[in-house]
1. When you check Leu235 against the structure, is it open to solvent by less than 60 Å² (accessible area, probe 1.4 Å), out of contact with any His (no Cβ under 9 Å at 6 or more places or on another chain) and either at pLDDT 85 or above or within 17 Å of Gly208 (Cβ to Cβ) (or both), yes or no?
2. With respect to Glu196, determine if the residue is open to solvent by 40 Å² or more (accessible area, probe 1.4 Å), more than 36 Å from the chain's Cα centre (by Cα) and over 20 Å from Val254 (Cα atoms).
3. Can you confirm whether Leu159 is surrounded by fewer than 17 Cβ atoms within 10 Å (Cβ to Cβ) and at pLDDT below 80?
4. State the number of residues belonging to the range 405-438 that are more than 16 Å from Ala474 (Cβ to Cβ) and modelled with pLDDT of 80 or more.
5. Report yes if Glu462 is open to solvent by 50 Å² or more (accessible area, probe 1.4 Å), over 15 Å from Pro550 (Cβ atoms) and at pLDDT 90 or above, otherwise no.
6. Among the numbered criteria (1) part of a helix (DSSP H, G or I); (2) modelled with pLDDT of 90 or more, which single criterion is violated by Leu229?
7. Being in contact with a strand residue (DSSP E or B) (Cβ under 6 Å, 6 or more places away or on another chain) and either of a type in the set (Gly, Ala, Ser) or open to solvent by less than 20 Å² (accessible area, probe 1.4 Å) (or both) is the filter here, so list the residues in the range 178-193 that pass it.
8. Among the residues in the range 520-528, are any under 20 Å from Ser577 (Cα atoms), buried (at least 16 other Cβ atoms within 10 Å of the Cβ) and small (Gly, Ala, Ser)?
Amino acid sequence: QEQPVTAEPQDVVPETEPLLVVWAAFSAVIGGGYLCLSQYVGENYKLRAERETVESIDTLKKTDFVDPETEYRKTVEILRKQNPDNDYNMKRIPRPKYDEEMGGHDGSSSQIERVLALGQRRLFPRRRSRRQRQWSLTRVTRGASLLGERVDSVVVKELKSQRAKELRALMAELRIRFNTKLEDELFQRASGVELEVPGSVRRSGLSGVVLQLLDLPEERSESVAFDFLIGGELLRGDLLSFCEGKGLGTETAVDVEYVLRRSKLEAEEQNVHLDEYVCSIDTHVGQEGPIHAAGMYDGTVKFMRGSNVVGLLRINENPVKCVRWTPNGNIVCASGSGIVSIYSVDFSGGFTTKCLLTGAGPCGQSLECVECVPEGDRIASGSFSGGLYVFETSREANDTLLEIRDVKRQKAKTQGPIAAVPSRELEGHSSTVSSLLWLGERGLVSASWDGTVCLWNVDAAERLRMMPISGKAAMNISAREDLIAAACTDGAVRLLDLRLEEAMKVQTLARAHSRMASAVAWRPDGQYELASAGYDSAVKIWDIRAVSKPLFKRTEAHGADGKATCLRWANASQLLSGGADGNVKMYSFGRLSN
């Protein structure tokens, strides 16, 4: 009997259409690529956001914040410049809170905390999604933490270094010896005393030591304080650091000279408006008091007595670059037309002038400066081309020069103004001669835009010395004995000592002005006070023994965007400055003592 055949059950695979297989594979590829691309873009965006945050906070940290309100506005301006396409709404950025008792910000101690305290929205645009805002918060937090670690490490190093210096100065002891040049016998009791003091002692501490040694009466000791000179400079900072900075050894006693401390300078200010650019100013003290003359850009010279304009003299249509009074009360003018002239001025019966002399250089170029000798019989002028011309002021000397040069004149003009011709021409400068000074027996000193100061023997028409000034053009010079101060185009004031063989630069007021320094003037009868003016509109008075801070300062003497162009001491207690705003400022000080 045949057995029945049975088949085991098998999986049945349904037939699949090829189109569905292709679609599924395509979808898988697209989905995977999208996920990878999203993750890549997201990570790059986060990294870029963190980097931008660190840069933004770095920029904020480097900004010199003055107070929270100024910080708030500067931050918004920085962010607007970095992202000009974003819409920053200042009203929605929270303003800083003030703590009246603390006098400043509400407890924020670091730059990062101060930035974050103003609100996280400050760093980001107003229109953002929830996810973008979350990323913004993440990048602020990460950026702040990164910058905080970096700042903390720098601060710790600085604090450790500063603390080490303080500890070293505190542990060190220096032996000092007091001396003084004060004439009062009460102040001489401490002279010659030697004692040991901590290296960390400062001016106030030494002042207390001297007061104890002097044992002054109580009513007088309360109003007396002292400054201290070490190596010709006033002590600033702790004693050990100051001595090390000057290269003084601490093995032997250090000589310390004590002088009376100067009180803060305060000035009474007057203003005279002259309606035109002031090129130069000078003062003459006559029988009726001081009279001031100002050379103007419109070709006139204006005369002032106090704050009142009492006369006007028109020279020509060109600027009057420089004016100087002669010892006998005549006014000397150097003009942009290349003419030098002398006028007599009379204020007794009103205001009258008379031309006494006119002269011109051979090249006919603008004369930038003029100076007369104390005897009044000779004047010197410097030209734009770099020439130096010396004129004689007497009629006889000029007639002799004209005869020698075979120049014929009409007899009718012999009683008129003297027609002066240069008696000497000095060559040595390659650019404009900007300032001149007579130094008595030493001769004539000139400053030029070629960056040099020269000393001349006028009688021999010979240059004795040429002194470079660090390659910077000199705009103006002033002399006190053998020390010459030069105002330079880089804003610095440089001092030259003629007693040195090479006339090396002995000191530099490197940051006297933020723009070009235009004028300098030593105070009459003063040993250490030097006034300066600059194109940053500032007028300052310096003590050359301590140049870190001026004794007196007017930062905007001639307007916020103005220029202080000239400077002159009327006497030991009054300073005049002229500016491009057409004003002459008069500063009257109290008693200035050394």
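1. Here the answer is yes, as Leu235 does meet what is asked.
2. no
3. It is true that Leu159 is surrounded by fewer than 17 Cβ atoms within 10 Å (Cβ to Cβ) and at pLDDT below 80.
4. Residues meeting the conditions: 13.
5. For Glu462, the condition - open to solvent by 50 Å² or more (accessible area, probe 1.4 Å), over 15 Å from Pro550 (Cβ atoms) and at pLDDT 90 or above - is met.
6. Answer for Leu229: the failing condition is (1).
7. Phe178, Ala190, Ser191
8. So far as the range 520-528 goes, yes, one or more of its residues are under 20 Å from Ser577 (Cα atoms), buried (at least 16 other Cβ atoms within 10 Å of the Cβ) and small (Gly, Ala, Ser).
The values are calculated or read from the model by the stated rules, or taken from the named source; none is laboratory data. These numbers come from a predicted model, not from an experiment. For neighbour counting, all protein chains shown are included, and Cβ atoms are generated from backbone atoms with ideal geometry for every residue, glycine included. We work out accessible area using only protein heavy atoms, side chains counted, and drop any ligands, DNA or RNA first. Shrake-Rupley method; radii C 1.70, N 1.55, O 1.52, S 1.80 Å.
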